[in-house]
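Worksheet: one structure, shown below.
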Amino acid sequence: MTELLLLKLLHILFFVYWLGGDLGTFYASRFVTKPGLSAQQRATAMTIMMGVDQGPRLCMTMILAPGIHLASKLGLMPLPGWAIVLIWGLCLVWFALVLGIHLSHAGKLNQLLGRIDLVLRIVVISSCLAVALNTLLDNGFILADWLAYKLIMFALLVSAGLGIRMGLKPFGPAFGNMLKDGVSDSTDAIMNASLAKVRPFVYFIWAGLLVNAALGMHLIGM
């Protein structure tokens, strides 16, 4: 019983900090391009935004492990012990990768960790979709359809994160130019365009997290 409660607590905490931290990151991002603020003030806002953003990034890497472990304990996703250990290990490696990317800032190590992280995300997306779709086609081992839908949504949330990464590619160089040359209309236009491009992905993540919470609480998909 204690193990089940601890798994539930972890799963809920990762959800709360993912959604709450994402809201904080979104709010802080408004000050990075806010008219009237100096380059130094914007740099301070950027530092706060990047720090807050680590919460959602790290929670995303770990939320799968207690969720699947809990489902296995409840008999909804029968898995052998070695598979549970493997999933926890994979999530911990992913956690370390994301933390390493944040701490390494830039350079060859940062780029290498980023490439490994990209490959791992593709593996996670593909695996979640394959397991869930096989279940919905009556070929899988998940014993509850709502759990399969949660895996599909999680895969879509990770995909949305990749969409944000791609959409923000022009943002970094423009922000660097702003720090070097000062605030200008041209760099502001690039950064605002980049933020506007990723905003739909951010909204999707908020909605998707709420849908998964509703599925887990059996408010939908009963």
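Go through the range 10-61 and count every residue that is among the β-branched types (Val, Ile, Thr), free of Cβ contacts under 8 Å to residues at least 40 places away in the same chain and farther than 30 Å from Leu90 by Cβ.
Residues flagged as among the β-branched types (Val, Ile, Thr), free of Cβ contacts under 8 Å to residues at least 40 places away in the same chain and farther than 30 Å from Leu90 by Cβ within the range 10-61 amount to 3.
Checking the conditions here, which among Ala39, Ala155, Ala65, Ala148 is surrounded by 15 or more Cβ atoms within 10 Å (Cβ to Cβ), out of contact with any strand residue (DSSP E or B) (no Cβ under 9 Å at 6 or more places or on another chain) and farther than 29 Å from Leu6 by Cα?
When all the criteria are applied, what remains is Ala39.
Do we have Leu129 as within 17 Å of Trp18 (Cβ to Cβ) and at pLDDT 95 or above here?
For Leu129, the condition - within 17 Å of Trp18 (Cβ to Cβ) and at pLDDT 95 or above - is not met.
Quick one: how many residues across the range 68-98 are among the aromatic types (Phe, Trp, Tyr) and crowded, with 21+ Cβ neighbours inside 10 Å?
1
Quick check: is even one residue across the range 198-219 farther than 21 Å from Leu19 by Cα and touching a residue at least 40 places away in the same chain (Cβ under 8 Å)?
No, the range 198-219 contains no residue that is farther than 21 Å from Leu19 by Cα and touching a residue at least 40 places away in the same chain (Cβ under 8 Å).
Mind listing just one residue for me: the one in the range 114-145 that is within 21 Å of Leu70 (Cβ to Cβ) and hydroxyl-bearing (Ser, Thr, Tyr) and, of those, surrounded by the most Cβ atoms within 10 Å (Cβ to Cβ)?
Thr135
The values are calculated or read from the model by the stated rules, or taken from the named source; none is laboratory data. In this text the structure is predicted, and so the values were computed from the model without any measurement. As a convention, Cβ positions derive from the backbone with ideal geometry for all residues, glycine included, and neighbour counts pool all protein chains shown.
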